[in-house]
Amino acid sequence: MSGRLSAAAPAAPPVISAWSAVSPYGLDAAALVDGVRSGRATGAPVDTARWRVPGGTAHLVPGFETRQTLGKRGTRSMDRVTGLAVSAVGGLLDQPGADRDRETGERAGLVLGTTTGSAESMMDFTRTSLEGDAPFDVDPAVMPNAVMNCAAGQCSIWYGIRGPNTTLAGGRTAGLAALHYSARLLASDRAESVLCAAAEEYSRARYWLERHSRDEDHVALGEGAAVLLVQRPDTVSPGRPPLAEILSVRTRVATGDRVRPALEACVASALEAAGARPGEVWAASPGDAHGRLGRDEHAVLTALFGAETVERVPPVGRLGDVSAASATFQIAFLLATAALSDEAAGRLAVVTSADRDGSLACAVLRLVAS
């Protein structure tokens, strides 16, 4: 017998076994699939009286009102981003084939990507404390909305998800950061299933923050929430066959002229970790950031994989600027596109994201069902 210790077999990669979304296409995954298939536009003139903004175009979730969608119980003071997140998670858990015993409870976690939570709630709460007769003359029911992790907490409370509960603030890269964190929770046996979500709301506060913080022309804002069910392959339910394996997620930080080489290095690192080569990639989805950042991202992916590969999945920009929800929506677009293709099964896909504050991310997935 040899004195050498045999190396342990590498763990099987985590899988995405289901997804759902509340988007400018509609209130469920079926509406997004139909939107991807049809290519219809989602922008419309904004209601200036309701939103108290000058005008322009917005990509809003059609017919979404928190109390009408979720009911009156427990939603009196719920803000819009929380309502969107709770709706998306509920849509996933209510799908045919869902296994509540595995997807909720002690061994289920929830990770939510965001920009700041609800900027509207934070600013309204602060304004009330300044305008009231005393700083403490605020509505205590509104206070939880001013905390960044309100949406994630409400999702877990509503559906009995009692495992790890995490909020990650990362702007446009928040969705891929949440995916990476979800995979780490599974690898460390902190959970058997993770609901990996991201959400962004349209609001007056967000409109003005974006209007005054961008160098380029104002862009049409979008909103919505998307959620992925991420599991270890040995815990997948029969009714939820794997849709994609998560082979790797890698990140970098860069701004200005350093973005393009840093993103190239990020993609190369993700491919290397996945044991993949550029020629094996079937689809590559850029995050559709605005201005130079988006052009650099698109150029990097086109140079590496070719225009046909980059154009295979519809651009997430169809939904407007959905910011923190963009990367999770990119994966939803990818899975919806793969489900409509006869050649997607077994192929590789790359998803990238870039935020103007400097964070870059890349994920490599293997599509396992068409």
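The values are calculated or read from the model by the stated rules, or taken from the named source; none is laboratory data. Values in this document were obtained by computation on a predicted structure and should not be read as measured data. Reconstructed Cβ throughout: ideal geometry from the backbone, glycine too, with neighbour counts over all protein chains shown. Ligands, DNA and RNA are excluded from the accessible area calculation, which covers all protein heavy atoms including side chains. Shrake-Rupley method; radii C 1.70, N 1.55, O 1.52, S 1.80 Å.
Taking into account only those residues within region 351-364 that are more than 15 Å from the chain's Cα centre (by Cα) and open to solvent by less than 20 Å² (accessible area, probe 1.4 Å), which is modelled with the highest pLDDT?
Among those that are more than 15 Å from the chain's Cα centre (by Cα) and open to solvent by less than 20 Å² (accessible area, probe 1.4 Å), it is Val364.
So which residues in region 143-186 are over 12 Å from Gly113 (Cβ atoms), of a type in the set (A, V, I, L, M) and modelled with pLDDT of 95 or more?
Correct list: Ile157, Ile161, Ala183, Leu185, Leu186.
Mind checking which residues of region 39-86 are in a helix (DSSP H, G or I), at pLDDT 95 or above and not β-branched (Val, Ile, Thr)?
Selection gives Gly83, Leu84, Ala85.
May I ask you to list the residues in region 36-72 that are in contact with a strand residue (DSSP E or B) (Cβ under 8 Å, 6 or more places away or on another chain), open to solvent by 30 Å² or more (accessible area, probe 1.4 Å) and over 22 Å from Ala21 (Cβ atoms)?
If the condition is that a residue be in contact with a strand residue (DSSP E or B) (Cβ under 8 Å, 6 or more places away or on another chain), open to solvent by 30 Å² or more (accessible area, probe 1.4 Å) and over 22 Å from Ala21 (Cβ atoms), then Pro45, Gly56 are the ones that fit.
For Ala198, state whether it is crowded, with 19+ Cβ neighbours inside 10 Å, among the small types (Gly, Ala, Ser), assigned to a helix (DSSP H, G or I) and within 19 Å of the chain's Cα centre (by Cα). Even if it seems obvious, please write down each step before you answer.
Numbers: crowded, with 19+ Cβ neighbours inside 10 Å: yes; among the small types (Gly, Ala, Ser): yes; assigned to a helix (DSSP H, G or I): no; within 19 Å of the chain's Cα centre (by Cα): yes.
Spelling it out, it is not the case that Ala198 is crowded, with 19+ Cβ neighbours inside 10 Å, among the small types (Gly, Ala, Ser), assigned to a helix (DSSP H, G or I) and within 19 Å of the chain's Cα centre (by Cα).
Which residues, taken from region 210-251, are closer than 17 Å to Leu195 by Cα, of a type in the set (Gly, Ala, Ser) and open to solvent by less than 10 Å² (accessible area, probe 1.4 Å)?
Gly224, Ala225, Ala226, Ser237, Ala244
Please tell me if Ala325 is touching a strand residue (DSSP E or B) at 6+ places or on another chain (Cβ under 7 Å), within 16 Å of Leu179 (Cα to Cα) and not in a helix (DSSP H, G or I).
no
Identify the single condition in (1) modelled with pLDDT of 95 or more; (2) under 26 Å from Pro24 (Cα atoms) that Thr116 does not satisfy, given that it satisfies every other one.
(1)
Which members of region 270-290 meet the condition of being open to solvent by 30 Å² or more (accessible area, probe 1.4 Å), touching a residue at least 60 places away in the same chain (Cβ under 8 Å) and either in a helix (DSSP H, G or I) or touching a Phe, Trp or Tyr at 6+ places or on another chain (Cβ under 8 Å) (or both)?
Ala273, Glu280
Pick out the one residue from Tyr181, Tyr207 that is open to solvent by 20 Å² or more (accessible area, probe 1.4 Å), part of a helix (DSSP H, G or I) and not β-branched (Val, Ile, Thr).
From the options Tyr181, Tyr207, the qualifying one is Tyr181.
Test of understanding: among Asp94, Asp99, which residue is among the acidic types (Asp, Glu), open to solvent by 20 Å² or more (accessible area, probe 1.4 Å) and under 26 Å from Val249 (Cβ atoms)?
Residue meeting the stated conditions: Asp99.
Touching a residue at least 24 places away in the same chain (Cβ under 8 Å), crowded, with 20+ Cβ neighbours inside 10 Å and in contact with a Phe, Trp or Tyr (Cβ under 6 Å, 6 or more places away or on another chain) - does that describe any residue in region 297-314?
yes
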